[in-house]
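**Student:** Pasting a structure here, questions to come.
The values are calculated or read from the model by the stated rules, or taken from the named source; none is laboratory data. Because the structure is predicted, anything quoted here is derived from the model rather than measured. Using ideal geometry, Cβ is built from the backbone for each residue, glycine included, and neighbour counts are taken over all protein chains shown. Each accessible area value is taken on the protein alone, full model and side chains, heavy atoms only, with ligands, DNA and RNA left out. Shrake-Rupley method; radii C 1.70, N 1.55, O 1.52, S 1.80 Å.
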Amino acid sequence: MFWESYLPSAFAGDAQPDVAQPLMDDEAFAGFYERSARSLWAYLARTSGDPALAEDLMQESYVRFLSAAGAPSHLNEGEVACRRYLFRIATNLLRDHWRRPRAASIEGIPENFFARPSHAAQCDSQMTLGPALAKMRPRERQLLWLAHAEGYSHGEIAEVTGLASASIRLLLFRARRKIARLLTDEKRGRVKAC
Amino acid sequence: MLKTCSRENEVRELVERGQWPQACAPELRAHVESCRSCADYVLITTAFRSARAEAVAGVTLPPPGVLWWRAQLRRRNAAVERIGRPILGAQIFALAINLMLAVAFILWQARHGLAWLSWFSSTAGPAQGQQAVFHLDSFWSPQLLSSGLNSMTSPLVLIPAIATLVLLGGVVVYLATEKQ
């Protein structure tokens, strides 16, 4: 007799409640996915500069979110917490991806490493923001996107990135100064070109 | 160094509600033009918000069912792997026991002078002036049968024992490598 026959519950998917019970049913997930996937993709695409990578990481983020035992419950903690947890997974995946090809820290990666042109380069805002973002460090892009595109507070950004809240304030301040200067230069350059 | 403007919250609220600059008081607009911190905030936030709106509008999402199915598959594999861990341990333990038994058996045979080797040489060894031929009839000779009943070192015990060990070893190795 096979050993599987002694453990039917494991194969029915209810061996342990923490792992086997899904966080949300498929209908709830479909709704949550519809509401959150686009902004997650935008975050990944604009911080990585690679739409194909963004799609891969977005899918992996959702799979990990659904498989994670410690993920916040949709019913108990609400969608905002789920969304934050999802962004945290995506941020970690992005960091792992950046670390993989080089042994150096994320801070050591040069800015122009991510300066690949995007297929959305035709858009007006991308024409202005794209070149400026390409000159920023990956960490700075993440912080700026979370703060200014997603509207997250310092505490929420700290939760998503794993950095200390006090560090977020300083890093964000510097990043804001830097990108404001780049955006202004970019605008001036475009005006001159016209 | 980290000095921010006291009116930044007002500007922030207007931008977040989408009321900048239409619903903004002229006095606040004049402040933003003169304040670097507020001007930076408005410039960056409007750029990021419009970039986000464009990115969100342009993306084609894969169906959620595929991701749901992949997640379920991963959860199930994780559960099976967790349950399979002690089973794998048991398989390794069984392999170790088999190996120990095999080694003990070989040592025991060696201590008894490897009598079966001499039996092999007497059965298959060439006599003077003859070719080396292995005779199956020699397994069933009355002498060997009587000695097989009396001695554990006889071929009648030895060959099935080795065959059983080989068979069991094969089964254990198969079970241990089955997962891979």
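**Student:** Please identify every one of the trypsin sites (Lys or Arg not before Pro) in the stretch B:11-42 that sits in a loop by DSSP and has no more than 16 other beta carbons within 10 Å of its own beta carbon. Mind showing how you got there, number by number?
**Tutor:** On the way: sites: B:R12, B:R17, B:R29, B:R36; in loops: B:R17.
Filter output for the stretch B:11-42: B:R17.
**Student:** Continuing with the same structure: Restricting things to alpha carbons, tell me how big the stretch A:129-177 is in terms of Rg and Dmax, in Å.
**Tutor:** Gyration radius and largest Cα-Cα distance of the stretch A:129-177: 10.1, 29 Å.
**Student:** Anything losing 40 Å² or more of accessible area from the isolated chain to the full protein assembly: pick those residues out of the stretch A:158-190, probe 1.4 Å, ligands and DNA/RNA ignored.
**Tutor:** A:R169, A:F173, A:R176, A:R177, A:A180, A:L183
**Student:** Binning at 5 angstrom from zero up to the longest distance, how are the C-alpha pair distances of the stretch B:8-58 distributed in percent?
**Tutor:** 4, 21, 30, 24, 11, 7, 3, 0
**Student:** Name the residue farthest towards the positive end of the dipole of the stretch B:1-117 from the options B:I92, B:A23, B:A71, assuming +1 on Cβ of Lys and Arg, -1 on Cβ of Asp and Glu, about the Cα centre.
**Tutor:** Most positive-ward Cα: B:I92.
**Student:** Another question, if that's okay. Report, to the nearest whole %, how much of the accessible area of the stretch B:11-70 belongs to carbon and sulfur atoms, 1.4 Å probe, protein only.
**Tutor:** Details: 1800 of 3170 Å².
Its accessible area is 57 percent carbon and sulfur atoms.
**Student:** For the stretch A:24-39 and the stretch B:46-81, what is the separation of their Cα centres, given in Å?
**Tutor:** Each part reduced to its Cα centre gives a spacing of 9 Å.
**Student:** Run the quick spin-label model on A:R169 and B:L61: label points 7 Å from Cα toward the beta carbon, then report their separation in nm to one decimal.
**Tutor:** About 3.6 nm separates the two model spin labels.
**Student:** Using only the Cα atoms of the stretch B:1-116, what semi-axes does the equivalent ellipsoid have when each is the square root of 5 times a gyration tensor eigenvalue? Give whole Å, largest first.
**Tutor:** Numbers: eigenvalues 1183, 86, 24 Å².
Semi-axes, largest first: 77, 21, 11 Å.
**Student:** Computed on protein heavy atoms with a 1.4 Å probe, what is the summed buried accessible area for the chain pair B and A, in Å² to the nearest 100?
**Tutor:** Details: alone 14270 and 11640 Å², together 21370 Å².
Interface area, both chains combined: 4500 Å², rounded to the nearest 100.
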